[in-house]
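Asks: Please read through the structure below; I'll follow up with questions.
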Amino acid sequence: MLTERQELILKTIINDFTQTHDPVGSKTVMNQLPMKVSSATIRNEMAALEDKGLLEKTHLSSGRIPSMDGYRYYLDNLLEPLKIPSSVYKRIVSQLDQPFHQVNEIVQEAAKILSDLTNYTAFAEGPENNDITITGFRIVSLVNRQVMAILVTSDGDVHNQVYNLPRNISGDEIEKAVRMINDELIGKTLNEVTSSLLNRTLGKKLANSHASDLLELVEDVIKDATSEQMYVDGQINLLNNTSLDDVSSLRSVYELIDHNDLISDMVDQCMNSDSGKYPIRVSLGSDLPSDLLKDYSLLTAEYSVGSHGKGVIALLGPNNMPYSQVIGLLEYFRNELAKKLLEYYGRFK
């Protein structure tokens with residue numbers, strides 16, 4: 001444990017360093033402390049904090065910078081989220097005040113807003129609602145054996161995909177199949193529609209040479225509708241927040257961000273950690289699964305939309321980000337996003 005004075009010095013150094021990104025000297029700390037302390041005393045305390053592994057001394061100056069352990073102590077014990085400025089509040093409200101037509105549009109816009117506000121890379125995942133039901137299914141013939149499968153769900157979302165069927169299927173066959181599919185699937189939740197259910201119910205009714213092709217198509221579009229889509233925005237901001245100067249390493253970071261499954265797993269890992277005393281969880285670079293991300297921190301926040309499920313928003317930024325500001329922003333934003341989604345779902349009651 002640290003003394004009260006040591007905690008004040010550590011907090012002052014971190015707050016100053018996250019703003020200037022320059023090593024912090026004893027005179028800078030002395031001018032910012034709320035009590036009168038000599039520069040020599042501050043230097044002694046900074047040396048003690050360095051011995052504890054909470055500060056590091058750079059070779060460029062006598063100033064100190066926080067270590068990963070210093071950031072973790074600060075996040076767990078000293079951080080106080082800041083209230084966001086009214087200008088930021090108005091900007092969030094304005095950008096969320098749009099005529100969205102699907103849940104995914106709102107979630108995708110959430111990632112864009114967070115990225116624009118922070119200049120970091122933002123992620124957003126929609127609420128996982130196990131009660132969503134199927135309200136309609138269509139197959140539209142295109143050209144050259146191509147068809148578009150369209151699935152509509154009770155939350156207003158429309159899922160569509162284009163498929164290449166291996167054999168020609170007549171329009172009459174498709175219409176007959178669509179009627180049977182709707183008879184079996186409408187009113188069922190997405191989670192109820194399993195492979196065994198499709199084969200047990202539709203397999204018998206679609207007893208023709210095209211049955212397997214159509215069943216595979218239906219199963220694929222259902223799978224797409226139930227998969228959790230992680231939206232990403234601000235990938236270019238990675239270039240501003242890294243010390244990587246190797247082109248291949250930068251390419252590897254981009255490839256990592258583009259892998260939806262890897263990002264989802266990383267966000268889940270952060271959400272399941274006990275990082276910090278606030279609802280916003282922080283995983284520092286040393287906690288992240290890839291050494292490519294050693295210069296970054298991942299902040300995650302869960303939001304709840306009541307009976308409609310829970311979703312996640314996240315930010316990937318530099319280790320030396322201004323945590324009190326960013327955590328204050330995420331805390332406010334997750335509540336505003338939940339309110340917007342509740343307003344959207346209310347249209348379907």
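The values are calculated or read from the model by the stated rules, or taken from the named source; none is laboratory data. Just so it is clear, the structure is predicted and the values come from calculations on it, not from any experiment. Neighbour counts run over all protein chains shown; Cβ positions are idealised from the backbone, glycine included. Surface accessibility is based on the protein's heavy atoms, side chains included, excluding ligands, DNA and RNA. Shrake-Rupley method; radii C 1.70, N 1.55, O 1.52, S 1.80 Å.
Asks: Region 1-78 to region 295-349: how many Å between their Cα centroids?
Replies: Result: 31 Å between the Cα centres.
Asks: Just to be sure I understand the model, the point goes 7 Å from the Cα along the line to the Cβ. What's the resulting Asn130 to Thr194 distance in nm?
Replies: Simple spin-label model gives 1.4 nm for this pair.
Asks: Can you figure out the FRET efficiency of Glu173 with Gln229, using R₀ = 25 Å and their beta-carbon distance, to the nearest 0.05?
Replies: 0.20
Asks: Report the one residue of Asn272, Gly309, Tyr296 whose Cα lies farthest in the direction of the positive end of the charge dipole of the chain (charges on C-beta: Lys and Arg +1, Asp and Glu -1; origin at the Cα centre).
Replies: The residue sitting farthest along the positive end of the dipole is Gly309.
Asks: Using Cα pairs under 8 angstrom and six or more residues apart, how large is the relative contact order of region 1-108, in percent?
Replies: On the way: 90 pairs, mean separation 25.8, N = 108.
It comes to 24 percent, rounded to a whole number.
Asks: Hey, what angle do you get for helix 39-51 against the long axis of the chain, alpha-carbon based, 0 to 90 degrees rounded to 10?
Replies: 50
Asks: Could you give me D for the chain, from Stokes-Einstein at 37 °C and 0.692 mPa s, where the hydrodynamic radius is the Kirkwood radius over C-alpha pairs? Units µm² s⁻¹, please. All intermediate terms of the calculation are to be shown ahead of the outcome.
Replies: Values: Rh = 23.3 Å.
For these conditions, the coefficient is 141 µm²/s.
Asks: Sticking with this one: Which of the listed residues, Val37, Ile236, Ala177, is farthest toward the dipole's positive end in the chain, when Lys, Arg count +1 and Asp, Glu count -1 at the beta-carbon?
Replies: Val37
Asks: FRET efficiency for Asp268 and Thr201, Cβ-Cβ distance as r, R0 = 51 Å, nearest 0.05?
Replies: Once the sixth-power term is evaluated, E becomes 0.95.
Asks: While we're here: Among Met266, Met30, Met180, Met1, what's the order by accessible area (1.4 angstrom probe), most exposed first? Intermediate results must be reported in sequence, preceding the final value.
Replies: Numbers: Met266 10, Met30 70, Met180 35, Met1 185 Å².
The residues order as Met1, Met30, Met180, Met266, largest area first.
Asks: Between Asn77, Ile150, Leu8, whose Cα lies farthest towards the positive end of the dipole of region 1-152 when Lys and Arg beta carbons carry +1 and Asp and Glu beta carbons carry -1, centred on the Cα centre?
Replies: Going by the charge dipole, the pick is Leu8.
Asks: For the chain, what does -39500 (n - 2.57) per DSSP helix run (n ≥ 4), summed and divided by total residues, give at 222 nm, in deg cm²/dmol to the nearest 500? Display every interim value, and only then the final one.
Replies: Values: 12 runs with 159 residues, N = 349.
That comes out to -14500 deg cm²/dmol.
Asks: For region 71-130, with only Lys/Arg (+1) and Asp/Glu (-1) charged at the beta-carbon, what is the dipole magnitude about the Cα centre, in debye rounded to 20? Mind dumping the intermediate values first?
Replies: On the way: 5 positive and 8 negative charges, 56 e Å.
Computed charge dipole of region 71-130: roughly 260 debye.
Asks: Tally up the carbon and sulfur contribution to the accessible surface of the chain as a whole percent, 1.4 Å probe, everything protein left in place.
Replies: Numbers: 8160 of 17360 Å².
Carbon-and-sulfur percentage of accessible area, whole number: 47.
Asks: A further question follows. Taking the chain as a Gaussian network, where each spring joins two C-alpha atoms under 10 Å apart, which residue of Tyr74, Tyr303, Tyr89 fluctuates the most?
Replies: Tyr89
Asks: What is the gain in length, in nm to one decimal, between Ala48 and Met148 on full extension, counting 0.36 nm per residue of separation less the C-alpha to C-alpha distance?
Replies: 29.3 nm
Asks: Hey, rough spin-label estimate for Asn240 and Lys112, points 7 angstrom out along Cα→Cβ, what's it come to in nanometres?
Replies: For Asn240 paired with Lys112, the spin-label model returns 1.8 nm.
Asks: Express in nm, to one decimal, how much length is gained between Lys339 and Asp220 on full extension, taking 0.36 nm for each residue of separation and deducting their alpha carbon distance.
Replies: Numbers: separation 119, 0.36 × 119 = 42.84 nm, distance 3.19 nm.
The span from Lys339 to Asp220 would gain 39.6 nm if fully extended.
Asks: Considering only protein heavy atoms, what per residue accessible area in square angstrom results for the chain with a 1.4 angstrom probe? Before the final figure, lay out each step's value.
Replies: On the way: 17360 Å² over 349 residues.
Counting only protein heavy atoms, the per-residue value for the chain is 50 Å².
Asks: Something else now. For Asn129, enumerate residues with amide H under 5 Å from its amide H, sequence gap 5+ or separate chain, H modeled in the peptide plane.
Replies: So Asn129 has HN proximity to no qualifying residue.
Asks: If you fit an axis through the alpha-carbon atoms of helix 260-271 and take the longest principal axis of the Cα set of the chain, what angle between them do you get, 0 to 90°, nearest 10?
Replies: With rounding to tens, the tilt is 50 degrees.
Asks: In terms of solvent-accessible area of protein heavy atoms at a 1.4 angstrom probe, what is the ranking of Ser67, Ser307, highest value first? It would help to have the intermediate numbers written out before the result.
Replies: Details: Ser67 5, Ser307 95 Å².
Order by accessible area, largest first: Ser307, Ser67.
Asks: Taking the Cβ-Cβ separation of Asp183 and Val162 as r and a Förster radius of 25 Å, what is the calculated FRET efficiency to the nearest 0.05?
Replies: 0.55
Asks: Now for a different question. Any idea of Thr194's accessible area? Nearest 10 Å², probe 1.4 Å.
Replies: Its accessible surface works out to 60 Å², give or take rounding.
Asks: Using a basic spin-label model with each label point 7 Å from the Cα along Cα→Cβ, how many nm lie between His259 and Met1?
Replies: 4.4
Asks: If you fit an axis through the alpha-carbon atoms of helix 103-118 and take the longest principal axis of the Cα set of the chain, what angle between them do you get, 0 to 90°, nearest 10?
Replies: Value to nearest ten degrees: 20.
Asks: Let me ask something else. Using only protein heavy atoms and a 1.4 Å probe, report how much of Val326 is accessible, in Å² to the nearest 10.
Replies: That residue has around 10 Å² of solvent-accessible surface.
Asks: As a test question: what accessible area, to the nearest 10 Å², does Arg167 have when a 1.4 Å probe is rolled over all protein chains in place?
Replies: 100
Asks: Quick one: dipole size for region 1-102, taken about the Cα centre, charges +1 on Lys/Arg Cβ and -1 on Asp/Glu Cβ, in debye to the nearest 20.
Replies: Roughly 280 debye for region 1-102.
Asks: Let me ask something additional. Sort Arg64, Arg347, Arg72, Arg91 from largest to smallest accessible area, using a 1.4 Å probe on the heavy atoms of the protein chains.
Replies: Sorted by accessible area, descending: Arg347, Arg91, Arg72, Arg64.
Asks: With charges set only on the Cβ (+1 for Lys and Arg, -1 for Asp and Glu), what does the dipole of the chain come to about its Cα centre, in debye to the nearest 20?
Replies: 720
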